[in-house]
Amino acid sequence: MALVSDAAGEAVRIGSFNYMTDSTEHSLHRNGKVLTRRDVNGSDDGSKGVDLEVWPMPVHDARQLEATARPTLGHNGFEAQERPIATTDLDFFDHDQVVRGYYPHCAEIVREACGARSVAAFDHNVRSAAGKQSKKRIEGGQEVQGPASLVHGDYTLTSAPQRLRDLTRPPGVNDTVRTVLAEGQSLLDAGEVERVLAGGRFAIINVWRNIVEEPVETHPLALCDAASVRPEHLVVFEIHYHDRIGENYFAKHADGHQWYFYPEMTRDEALLIKQWDSAGELARSDGARPDVADPDAPCTFSFHSAFEDPTTRPDAPDRWSIEVRCVALYD
């Protein structure tokens with residue numbers, strides 16, 4: 001069944017989501033049990049312990065929500081904004097144009113959205129199922145990646161602060177900013193980062209955008225309300241790169257997960273996705289549940305995943321999207 005009605009009478013899609021199996025051990029910290037290896041192109045090169053199962057989940061249309069109920073970056077972990085690109089001739093398939101011309105635009109969007117003192121874009125991926133299949137390569141950059149069709153968050157209790165420290169060193173072979181930094185230069189100042197980690201606040205926020213003229217129909221991105229996620233739903237997923245180990249959180253299924261998406265996103269829209277916030281409850285408590293939750297505290301991150309929309313027409317064009325990762329430092 002493609003559409004069902006919820007308790008309020010809203011027609012919702014039933015999407016298919018890839019979760020880790022229920023028998024997978026819950027984890028907040030690295031244990032070597034669930035991992036993948038990435039080659040120099042950023043593509044998967046073998047994995048271990050990635051046992052997935054498909055769950056049907058209601059996916060609500062975020063565009064149909066009342067203004068007062070619309071998701072926000074601070075409390076739900078995501079929000080969509082109308083943010084046209086200043087130039088119409090930006091080539092998203094040219095690495096240098098993206099890093100030099102689009103990164104500053106994304107940093108400004110994030111700075112305005114979250115009120116941080118400073119924001120810097122530091123990484124990006126272009127995604128398309130067709131591009132992945134054809135092994136299309138970005139000029140001067142990596143290969144196009146496929147849509148990430150499993151429930152995940154991009155950082156963990158360990159990898160979020162570690163990524164901040166990584167950005168205080170000269171970029172490695174997998175770092176996209178290496179082409180715009182002078183030899184030996186780093187994106188962030190080491191002293192400033194250590195002060196932030198010692199008692200300040202930082203966040204990592206993605207700017208996701210459709211990069212073609214046609215609105216997104218295939219493999220749309222769904223976002224999980226951060227308020228519906230609990231620490232016991234998390235499983236550390238290790239990513240072994242050529243020169244470092246990163247971590248994501250995968251998810252175990254929970255009936256209470258609340259999923260949303262923005263149908264037919266256009267090139268003029270920016271979808272902001274919180275990947276980590278050091279002021280969030282999970283980050284501050286190291287995964288322990290507080291006796292009394294702070295209703296005004298920001299969320300830590302939002303799970304997200306591409307999903308199959310059962311209402312998509314058979315001849316819909318392929319999705320081509322870009323996600324740019326930005327680090328925000330607060331006073």
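Values quoted throughout were computed directly from the atomic coordinates according to the rules given, and no laboratory measurement underlies them. Since this is a predicted model, take the numbers as computed values, not measurements. All Cβ positions, glycine included, derive from the backbone under ideal geometry; neighbour counts span all protein chains shown.
Translational diffusion coefficient of the stretch 170-264 at 20 °C, 1.002 mPa s, Stokes-Einstein with Kirkwood Rh over Cα pairs, in µm²/s as a whole number.
Taking Rh from Cα pairs, D becomes 122 µm²/s.
For the chain, with the dipole built from +1 on Lys and Arg beta-carbon atoms and -1 on Asp and Glu ones, taken about the Cα centre, which of Leu181, Pro58, Val98 lies farthest toward the positive end?
Comparing the listed Cα positions along the dipole, Leu181 ranks first.
Hey, can you rank 103-114, 45-56 by average C-beta count inside 10 Å, highest first?
103-114, 45-56
With the convex hull built on the Cα atoms of the stretch 79-212, state its orientation-averaged projected area in nm².
Mean projected area of the Cα convex hull: 9.4 nm².
Between Val180 and Glu66, with labels modelled 7 Å along Cα→Cβ, what's the label distance in nm to one decimal, could you check?
Going by the 7 Å Cα→Cβ label model, 4.2 nm.
Tell me, what is the FRET efficiency for Gln162 and Tyr330 to the nearest 0.05, using R0 = 25 angstrom and their Cβ-Cβ distance as r?
Using R0 = 25 Å, I get an efficiency of 0.85.
Given 0.36 nm per residue, what is the gain on full extension from Ser118 to Leu197 after removing their alpha carbon distance, in nm?
26.9 nm
Treat every Asp and Glu Cβ in the chain as -1 and every Lys and Arg Cβ as +1, leave all other atoms uncharged, and give the resulting dipole magnitude about the Cα centre to the nearest 20 debye.
Charge dipole of the chain: 700 debye, to the nearest 20.
For Asp243 paired with Lys48, estimate the spin-label separation in nm (one decimal), with each label point 7 Å from Cα along the Cα-to-Cβ line.
Computed distance between label sites Asp243 and Lys48 equals 2.4 nm.
May I ask for the distance between the Cα centers of the stretch 106-153 and the stretch 305-324, given as a whole number of Å?
16 Å
Determine ³J(HN,Hα), in whole Hz, for all residues of the stretch 314-320 in sequence, where each value follows from phi through the Karplus function 6.51 cos²θ - 1.76 cosθ + 1.60 and θ = phi - 60°; x replaces Gly and Pro.
Along the stretch 314-320, the couplings run x, 9, 5, x, 5, 7, 10 Hz.
What is the mean projected area of the alpha carbon convex hull for the stretch 3-329, to one decimal in square nanometres?
16.7 nm²
Quick one: compute a quarter of the convex hull surface over the Cα atoms of the stretch 12-95 and quote it in nm².
It is 10.0 nm².
Starting from 0.36 nm per residue, how many nanometres of slack lie between Thr312 and Lys136 once their C-alpha separation is accounted for?
So the extension gain works out to 60.9 nm.
Could you tell me the ratio Rg/Rh of the stretch 226-307? Both radii from Cα atoms, Rh via Kirkwood.
Ratio value, two decimals: 1.00.
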